[in-house]
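Before any comments, here is the structure.
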There are 2 protein chains.
Amino acid sequence: MLIQLVQIEVLPGQREAFVEAFRINCEGARTEPGNIRFDLLCDQDDPNLFYCYEIFADEAALDAHRASAHYRRCIELINPMMRSSRSKRMFQPVLVEGRAAERS
Amino acid sequence: MLIQLVQIEVLPGQREAFVEAFRINCEGARTEPGNIRFDLLCDQDDPNLFYCYEIFADEAALDAHRASAHYRRCIELINPMMRSSRSKRMFQPVLVEGRAAERS
């Protein structure tokens, strides 16, 4: 299992456009067999600072995500909206739950 | 919806005891009607640095969690194992999934 928290800083004025574009990625990822969780969050204080909590079954699942049409379309749309390059933090799973019920 | 990432630094040599104690909190929280997600993670590089990704329906649900027997029992067990005081970071939900299928 592979867990990451991706940090995404969006240019001022681009928040709504970003969320709509990232929705493509969220909805697509949640259909992927190798994805377990995909939550888009926002910083408590900065409305343009986003985080994505992502759980993948393994490295191959993350590779498949990055090769997907929905991921590539989303990246194409959001790249011009970035205030800085995206960064991420990786975690090891210890006591982690599975997929959301609404996916099945 | 209320989302937090709690940081927990454990004293060297206490990792296994901590995970066992925190399992009480994880399993208990996942039975709470107001809890939506409860994942215990570990830092990629530091085996004694833990994080808990927690989603609660609202403030009242988090209050109910803190009043629960499993939370209080866990805190009682882990307090002597702490390397520093716990801290947390709050997030706003943007595109967030629901409860894990195995809960229903």
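The values are calculated or read from the model by the stated rules, or taken from the named source; none is laboratory data. Keep in mind that what you see is a predicted model, and the values were worked out from it rather than measured. So basically every Cβ, Gly included, is an ideal-geometry build from the backbone, and we count neighbours across all protein chains shown.
Key figures
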read-out: Any hit, segment A:23-44, residues being out of contact with any helix residue (DSSP H, G or I) (no Cβ under 9 Å at 6 or more places or on another chain) and part of a loop (DSSP other than H, G, I, E, B); value: yes
read-out: Checklist (1) in contact with a Gly (Cβ under 8 Å, 6 or more places away or on another chain); (2) closer than 26 Å to A:Arg103 by Cα applied to B:Met1, failing item; value: (1)
read-out: Count - residues of segment A:3-18 that are within 11 Å of chain B (Cβ to nearest Cβ) and under 25 Å from A:Val94 (Cβ atoms); value: 3
read-out: Which numbered condition B:Ile75 misses (of (1) away from chain A (no Cβ under 14 Å); (2) in contact with a strand residue (DSSP E or B) (Cβ under 6 Å, 6 or more places away or on another chain)); value: (2)
read-out: Count of residues meeting criterion [exposed (fewer than 14 other Cβ atoms within 10 Å of the Cβ) and either within 14 Å of the chain's Cα centre (by Cα) or assigned to a helix (DSSP H, G or I) (or both)] in segment B:90-104; value: 2
read-out: Residue in segment B:10-26 that is buried (at least 18 other Cβ atoms within 10 Å of the Cβ) and without any contact (Cβ under 8 Å) to a residue 40 or more places away in the chain present; value: yes
read-out: Selection from segment A:43-58 of residues that are over 19 Å from A:Asn79 (Cβ atoms) and within 14 Å of chain B (Cβ to nearest Cβ); value: A:Asp43, A:Gln44, A:Asp45, A:Asp46, A:Pro47, A:Tyr53, A:Ile55, A:Phe56
read-out: Residue match in segment A:26-40 (condition: at pLDDT 95 or above, more than 19 Å from B:Ile36 (Cβ to Cβ) and aromatic (Phe, Trp, Tyr)); value: no
read-out: Positions within segment B:73-89 being buried (at least 18 other Cβ atoms within 10 Å of the Cβ) and either touching a Leu at 6+ places or on another chain (Cβ under 7 Å) or not in a helix (DSSP H, G or I) (or both), in sequence order; value: B:Met81
read-out: Scope segment B:45-59; condition over 22 Å from B:Gln92 (Cα atoms), assigned to a loop (DSSP other than H, G, I, E, B) and in contact (Cβ under 8 Å) with a residue 24 or more places away in the chain; matching residues; value: B:Pro47, B:Asn48
read-out: Scan of segment B:60-72 for residues that are within 14 Å of another protein chain (Cβ to nearest Cβ) and either free of Cβ contacts under 8 Å to residues at least 12 places away in the same chain or exposed (fewer than 14 other Cβ atoms within 10 Å of the Cβ) (or both), ordered by number; value: none
